[in-house]
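One structure is given below, encoded as structure tokens.
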Amino acid sequence: MQTLVDQLISDADNALRTLTGALPARRPTPQPSTVEEEPLALLEGERRHAAALMRVDHVGEVCAQALYHGQARAAQSDRLRAHFRDAALEEGDHLAWTRERLAELGGRPSLLNPLWYAGAFALGVLAGRAGDRVSLGFVMETEAQVEQHLKSHLERLPKADHASRAVLEAMSEDEARHGSRARAEGGRELPAPVRAAMRAAARVMTATAYWL
Ligand SMILES: [Fe+2]
Ligand SMILES: [Fe+2]
């Protein structure tokens, strides 16, 4: 049985690992399947645009860590708590991959990451307190929105950026699986106004993180 202090230390530890990039990937970074004989170099403007998109995706994964750990903290059953911790581990790969690609593109992580983490953690705790089926429904909706968002980034990435595309494609497949797993575990569809509010919040996050 964890005491409140143990819980606080473990939550702070997860937050620090997420924010400092100290979470190593468990799977290798996805690579483009077609090896170009002479890879097309990105123009300066394209590189900046790709880095900004990757920063947004990295923020999304910072939020995924925070949401899953918040939901694990507030889960009612031990089984679901384990499910969320496990999901956070797999999202840890996404976090590391996007951070690595962001650095390769010469970009830097969002300055507002501590804020995104704190907000998403609080939201995760709220979702968890609403009950396990609602919490799973929250995962279903989040993952569906992330998947749509990744599809739009795949279209917006510069044509020559095969490396970023390989990362986002692998993530998109994982997110689809996370969503269906939450549904299979008994997740309940959230009401339309809640889903709309989540989309609005995500829009604020993505628009801000492109620049900051
Ligand atoms: Fe993810
Ligand atoms: Fe996911």
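Results, tabulated for the structure shown:
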read-out	value
Among (1) within 24 Å of Arg203 (Cβ to Cβ); (2) within 16 Å of ligand 2 (Cβ to nearest atom), the one test that Arg101 misses	(2)
Selection status of Glu173, within 14 Å of ligand 2 (Cβ to nearest atom), among the charged types (D, E, K, R) and surrounded by fewer than 16 Cβ atoms within 10 Å (Cβ to Cβ)	yes
His153 surrounded by 15 or more Cβ atoms within 10 Å (Cβ to Cβ), within 12 Å of ligand 2 (Cβ to nearest atom) and outside any loop (DSSP other than H, G, I, E, B)	no
Failed item in (1) touching a helix residue (DSSP H, G or I) at 6+ places or on another chain (Cβ under 7 Å); (2) modelled with pLDDT of 95 or more, with Leu123 passing the rest	(2)
Out of Gly106, Gly92, sole residue that is on the phi > 0 side of the Ramachandran plot and either within 15 Å of ligand 1 (Cβ to nearest atom) or touching a residue at least 24 places away in the same chain (Cβ under 8 Å) (or both)	Gly106
Residue among Ala66, Ala72 that alone is under 11 Å from the mean Cα position of the chain (by Cα), crowded, with 21+ Cβ neighbours inside 10 Å and either within 16 Å of ligand 1 (Cβ to nearest atom) or at pLDDT 95 or above (or both)	Ala66
Selection status of Ala25, within 16 Å of ligand 2 (Cβ to nearest atom), closer than 24 Å to Ala170 by Cβ, surrounded by 15 or more Cβ atoms within 10 Å (Cβ to Cβ) and under 17 Å from the mean Cα position of the chain (by Cα)	no
Selection status of Ala52, in contact (Cβ under 8 Å) with a residue 40 or more places away in the chain, among the small types (Gly, Ala, Ser), surrounded by 11 or more Cβ atoms within 10 Å (Cβ to Cβ) and assigned to a helix (DSSP H, G or I)	yes
Residue within segment 135-145 that is over 21 Å from Glu189 (Cα atoms) and away from ligand 1 (no atom under 16 Å from the Cβ) present	no
Check on Gly106, farther than 11 Å from His58 by Cα and assigned to a helix (DSSP H, G or I)	no
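The values are calculated or read from the model by the stated rules, or taken from the named source; none is laboratory data. Bear in mind the structure is a predicted one, so any value in this text is a computation, not a measurement. Glycine also receives a Cβ, built like all others from the backbone with ideal geometry; neighbour counts cover every protein chain displayed.
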